[in-house]
Amino acid sequence: MSVPNEGDLVLLVSPDRKRYLIRLKHGEQWFSHKGSIAHDDLIGQPLGRTLHTQHNTAYLALEPSTNDLIQELPRSSQIIYGKDAAQIVLRLSLYPGRTVVEAGTGSGGLTFILARTVMPTGRVYSYETRPDSFEVARQNLADLGLLPYITLYNEDITGGFHELDVDALFLDVREPWVFLDHAWMTLKGSGFFGALVPTTNQVSALLEGLEGRPFGDLSVEEVLVRPYKPVPARLRPEDRMIAHSAFLVFARKIAAGDESLGWMPEKKRRAYLGKLAMAKREAERAAAENEEE
């Protein structure tokens, strides 16, 4: 979108880097305490240029990024940060044409990113239990024009998912280990599983659940992004950053009874025995040194 039309979203950036998202409508004005800008001055005009209010305050008009849109979504719950969402898309191997199941929808932030990734030929199936969050997400996704690529369910997933043989599945629920059997049934062979949890004890419980079922290629990640002040003469980190947001756990669906399911426990056992042997050698060496003294 180099030239916005009525109904499009446009980002205004002030000299102090504050950002404002507006939806354009003929005849309307965008107001701030530093003046106003007419929507008609943006509609049909190229982006990437500066406009001024009647008080001569400058604003740069830009096409909003996916990250800008996520940050400005009305929300009834905490959204998944862009740093985590980008890694989720990468690790679930999503691209146009793929099918992905998500639970829960929340305010629709991750749903929006998933849909933008798999459209126009793919589809997102998203489940949300809370009616209030479901309505917020439905309205957000409708405003962004993405509902044609999404099937929303205001349902509890205790009874399982409607879909089968999907490419990927992601759980953003309090106890994801409770739904691993449903996840395995829904995924295609070698399908991609992912989950987000905020605490280490939840990670442990999820890993135990995954290791007790036909899942393999397990990994646990935490994504940290450290922004820097974009000033060439004084390049330094920003004073604030998003530190821990959540842990990401990923796995793959493995055929039931496959021999690879026994690899990881055996590998762990060998590693444990190796650590014991190393500790024993270190203890013997320390004892010998003490005797010499």
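The values are calculated or read from the model by the stated rules, or taken from the named source; none is laboratory data. None of these values were measured; they are calculated from a predicted model. Note: ideal-geometry Cβ built from the backbone for every residue, glycine included; neighbour counts use all protein chains shown. All accessible areas refer to the heavy atoms of the entire protein, side chains included, with ligands and DNA or RNA removed. Shrake-Rupley method; radii C 1.70, N 1.55, O 1.52, S 1.80 Å.
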Report summary line: residue 86 and residue 13 label points (each 7 Å along its Cα→Cβ direction) are spaced in nm at 1.5 nm
Report task. Note the angle between two axes, namely the Cα long axis of helix 109-118 and the longest principal axis of the Cα atoms of the chain, as a number of degrees from 0 to 90, rounded to the nearest 10. Result -> 90 degrees
Report summary line: Taking a crude spin-label model, label points 7 Å out from Cα along the C-beta direction, the residue 233 to residue 259 distance in nm is 6.8 nm
Report summary line: To the nearest 0.05, the calculated FRET efficiency linking residue 219 and residue 288 through their beta-carbon distance, R0 being 30 Å, is 0.15
**Report entry** With all protein chains modelled, accessible area of residue 162 [1.4 Å, Å²]
**Finding:** 110 Å²
Query raised in the report: Say R0 is 45 Å: what FRET efficiency, to the nearest 0.05, do residue 165 and residue 204 get from their beta-carbon distance?
Result: 0.90
Requested in this report: Taking a cut-off of 17 Å between Cα atoms, list the aspartates and glutamates near residue 83, but don't count ones fewer than 8 places away on the same chain.
Outcome: 68, 72, 172, 221, 222, 238
Report task. Could you work out the local net charge near residue 65, counting Lys and Arg as +1, Asp and Glu as -1, over the other residues with Cβ closer than 13 Å to its Cβ? Result -> -1
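Could you rank 34, 83 by how accessible they are, 1.4 Å probe, largest area first?
Ranked from most to least accessible, the order is 34, 83.
Round to a whole number: what % of the accessible area of the chain belongs to carbon and sulfur, probe 1.4 Å?
Whole-percent figure for carbon plus sulfur exposure: 53.
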Report summary line: Residues meeting the amide H criterion for residue 130 (H placed from the backbone, H to H distance under 5 Å, 5 or more places apart or on another chain) are none
Report task. Could you list the square roots of 5 times each eigenvalue of the Cα gyration tensor of the chain, that is, the equivalent ellipsoid semi-axes, sorted largest first and rounded to whole Å? Result -> 46, 28, 15
Requested in this report: Using a Gaussian network model of the chain whose springs link C-alpha atoms within less than 10 Å, name the residue from 215, 250, 31 with the highest mean-square fluctuation.
Outcome: 31
**Report entry** Cα→Cβ-extended label distance, 7 Å offset, between residue 5 and residue 158, nm
**Finding:** 4.7 nm
Query raised in the report: Just how much of residue 281 is accessible, in Å², when a 1.4 Å probe is used and the result is rounded to the nearest 10?
Result: 140 Å²
Query raised in the report: Using a 1.4 angstrom probe and counting only protein chains, how large is the accessible area of residue 138 in Å², to 10?
Result: 90 Å²
Report task. With everything on Cα atoms, drop me the angle between helix 200-211 and the longest principal axis of the chain, reported from 0 to 90° to the nearest 10. Result -> 60 degrees
**Report entry** Estimated FRET transfer efficiency when R0 is 45 angstrom, pair residue 143-residue 278 (beta carbons, to 0.05)
**Finding:** 0.15
Report summary line: Order by accessible surface, 1.4 Å probe, largest leading, for residues 59, 95, 153 comes to 95, 153, 59
Query - Accessible area expressed per residue, the chain, with surrounding protein chains retained (probe 1.4 Å, Å²) - result: 55 Å²
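For 147, 235, give the ranking by accessible area with the largest first, probe 1.4 Å.
Sorted descending by solvent-accessible area, the residues read 235, 147.
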Report summary line: Sorted by chain and number, the residues with a modelled amide H under 5 Å from that of residue 107, at a separation of 5 or more or across chains, are 76, 77
Report summary line: Computed over the chain: longest principal axis from alpha-carbon atoms vs helix 82-91 long axis, angle to nearest 10 degrees, is 60 degrees
Query - Ratio of Rg to Rh over segment 131-272 (Cα coordinates, Kirkwood Rh, two decimals) - result: 1.07
